[in-house]
Amino acid sequence: LKHLGPKTFIFIVFRFFSSLYSFWNPSINHCALIVQLHNWYAEKLVLYMAISVSQGFACRSQLSFHLPLINRLHKARRSCPVAAIGSLVESVSVRNEDFQISTARNVKGGNDDCKPHQWKKSCSKELGIKTSKITKPAKFVLNVLRKKGYEVYLVGGCVRDLVLERTPKDFDILTSAELKEVPVMGAFPRCEIVGRRFPICHVHVDDAIVEVSSFSTTGRKFGRKSKPVLRKPSGCNECDYIRWRNCMQRDFTINGLMFDPFSKIVYDYIGGMEDIQRAKVRCIIPANTSFVEDCARILRGIRIAARLGFRLSRETSHFVKELSNSLLRLDKGRIHMEMNYMLAYGSAEASLRLLWKFGLLEILLPVQASYLVSHGFRRRDKRSNMLLSLFASLDKLLAPDRPCHSCLWVSILAFHEALVDQPRDVLVIAAFSIAVHSGGSLSEAVDIAREISQPHDMSFHEISEPICYSKDALVDEVIKLAASVKAALRRLTDEHYVSQALIKYPQAPQSDLVFISWSLSLKVCSMFECVKRVKNRRLIPKEGSEIDYDSLAIGRLQEVRNVFGRVVFDTVYPLKLGS
């Protein structure tokens with residue numbers, strides 16, 4: 001500071017202490033004063049640097065000027081006037097039974113994630129919730145716990161789906177009972193407590209599993225660098241506080257709703273209903289903290305957005321991309337489970353598009369990402385291709401309450417990879433799909449394929465120019481295709497092959513992730529064992545065209561083959577071309 005001169009130095013000190021006095025004066029606008037101080041301080045910094053440069057000093061001074069608080073207040077003032085202070089520290093304002101909570105967030109550019117949310121209680125009938133959509137096993141567990149004198153709530157995605165008038169994938173129950181009390185009630189013959197970090201009780205009712213969690217075991221475990229911010233707001237009653245704490249421990253606001261089916265009340269403490277109306281997926285706590293705490297939430301957010309057609313909030317989108325590499329730390333079994341939720345429940349195409357858009361496909365499915373890159377597919381591309389069309393055909397046959405076994409979508413990946421490696425004639429693909437669908441005679445499958453008059457989709461690069469095959473030659477080509485699918489599956493489960501998928505693109509993340517287990521790959525291979533020459537074997541037509549979804553979910557080969565053949569055939573010969 002000696003370069004400023006003694007008079008300037010005394011002036012700075014005088015202005016500093018006079019500003020402190022003004023700051024603590026309650027009649028002064030503090031935020032405006034801080035901004036004013038920031039501007040004045042910046043002018044002095046520029047003056048000092050100019051003097052330093054003129055006297056031959058480097059622009060990078062040995063002095064360090066730290067202005068984080070002033071800068072953050074200044075940015076918050078410009079981007080979010082209502083929550084200028086709330087974006088830095090947790091603020092709670094209480095008025096009767098309406099509470100406004102604003103959680104600390106620091107997001108580049110600012111967004112509406114910092115807005116406070118009122119605590120709301122809504123009548124389920126007004127929201128259009130129909131209790132008839134609650135499954136019998138879930139109703140049974142709810143009634144038993146209620147009769148035992150415990151509080152019970154439906155929580156998580158099932159409440160969100162009920163509000164959206166969709167069929168929930170499953171039902172999660174929250175109770176005031178201790179988790180260890182559930183198995184000893186005597187009403188549930190089969191139930192066990194699973195999980196260490198977040199223990200839950202699996203209650204088996206008929207062929208269904210109902211997940212039951214307890215208020216006492218759902219507390220968030222903060223890391224060393226994390227600080228709990230779930231302080232009880234003044235004027236808040238104990239019941240609301242306990243429910244609010246539980247909602248704050250969940251992943252996304254739209255999953256933070258709580259429904260009491262007996263009092264017909266939906267509790268919304270974190271703005272879940274508002275985000276449902278806005279079709280937005282937003283983290284409850286700051287997204288970077290949420291994803292570091294459990295990086296599987298990245299995949300869960302993508303899956304929810306794909307299934308509902310929602311968009312990710314600005315903050316959530318930013319940290320999905322920023323923390324994508326953290327997925328490699330996940331257990332392979334967990335990754336397989338999350339990928340199965342994406343691809344086996346009727347939203348596979350949308351999930352693949354979002355995984356590609358946010359740069360996650362390169363990490364999870366590098367081979368398929370390489371395919372998209374090689375065909376010039378852009379991040380926000382609306383076009384389609386054979387890979388996406390295959391999964392679009394699969395989506396038409398599935399739903400959240402009608403899923404398939406994972407061997408089906410793995411077989412589709414292997415089949416497509418085989419065609420990418422060597423494109424095939426459309427008759428070969430048609431005869432192959434018919435043979436797998438019926439699990440019978442190759443000769444009859446070839447005869448049926450040669451009689452097809454319906455036009456096929458000619459936009460796919462995986463379909464080669466037509467070749468005039470004899471019947472025996474066509475049978476041989478179908479057998480070769482089956483062998484090629486098996487070989488493609490072996491490549492997809494080879495870490496070295498997967499790691500080389502994006503080697504041509506140095507800017508892409510390199511991943512050797514293989515989450516398809518050996519046992520699953522063997523099951524997929526067995527699907528195509530029926531495609532071979534066998535004398536006196538006839539096609540075995542399925543009785544009726546209805547899909548046996550129970551058999552499909554547990555992976556019975558006959559049903560999986562049936563749906564696989566149907567998906568392939570419908571993709572190559574779409575009905576819209578024949579109409």
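Just one of Arg220, Arg224 is in a loop (DSSP other than H, G, I, E, B), modelled with pLDDT under 95 and under 25 Å from the mean Cα position of the chain (by Cα); which is it? Unique residue meeting the criteria: Arg220.
Of all residues in region 368-381, those being over 20 Å from the mean Cα position of the chain (by Cα) and in a loop (DSSP other than H, G, I, E, B) number 4. For region 412-428, state whether one or more residues are free of Cβ contacts under 8 Å to residues at least 40 places away in the same chain, in a helix (DSSP H, G or I) and buried (at least 16 other Cβ atoms within 10 Å of the Cβ). No, region 412-428 contains no residue that is free of Cβ contacts under 8 Å to residues at least 40 places away in the same chain, in a helix (DSSP H, G or I) and buried (at least 16 other Cβ atoms within 10 Å of the Cβ).
Scanning region 196-215 for residues that are surrounded by fewer than 13 Cβ atoms within 10 Å (Cβ to Cβ) and more than 20 Å from Asp550 (Cβ to Cβ) turns up Arg196, Arg197.
Counting just the residues of region 432-464 that are of a type in the set (D, E, K, R) and outside any helix (DSSP H, G or I), which one comes out surrounded by the most Cβ atoms within 10 Å (Cβ to Cβ)? Ranking the qualifying residues of region 432-464, first place goes to Glu462.
Checked against the criterion of being touching a residue at least 24 places away in the same chain (Cβ under 8 Å), surrounded by 15 or more Cβ atoms within 10 Å (Cβ to Cβ) and not hydrophobic (A, V, I, L, M, F, W, C), region 465-477 has at least one qualifying residue. If you take the residues of region 336-358 that are outside any loop (DSSP other than H, G, I, E, B) and in contact with an Asp or Glu (Cβ under 6 Å, 6 or more places away or on another chain), which of them is most open to solvent (accessible area, probe 1.4 Å)? In this case the residue turns out to be Glu349.
The values are calculated or read from the model by the stated rules, or taken from the named source; none is laboratory data. Computed from a prediction, not measured in an experiment: that's the story for all the values here. When we count neighbours, we look across all protein chains shown, and the Cβ atoms used for this are built from the backbone with ideal geometry, even at glycine. The protein model used for the area step is the full one, side chains on, heavy atoms only, and it has no ligands, DNA or RNA in it. Shrake-Rupley method; radii C 1.70, N 1.55, O 1.52, S 1.80 Å.
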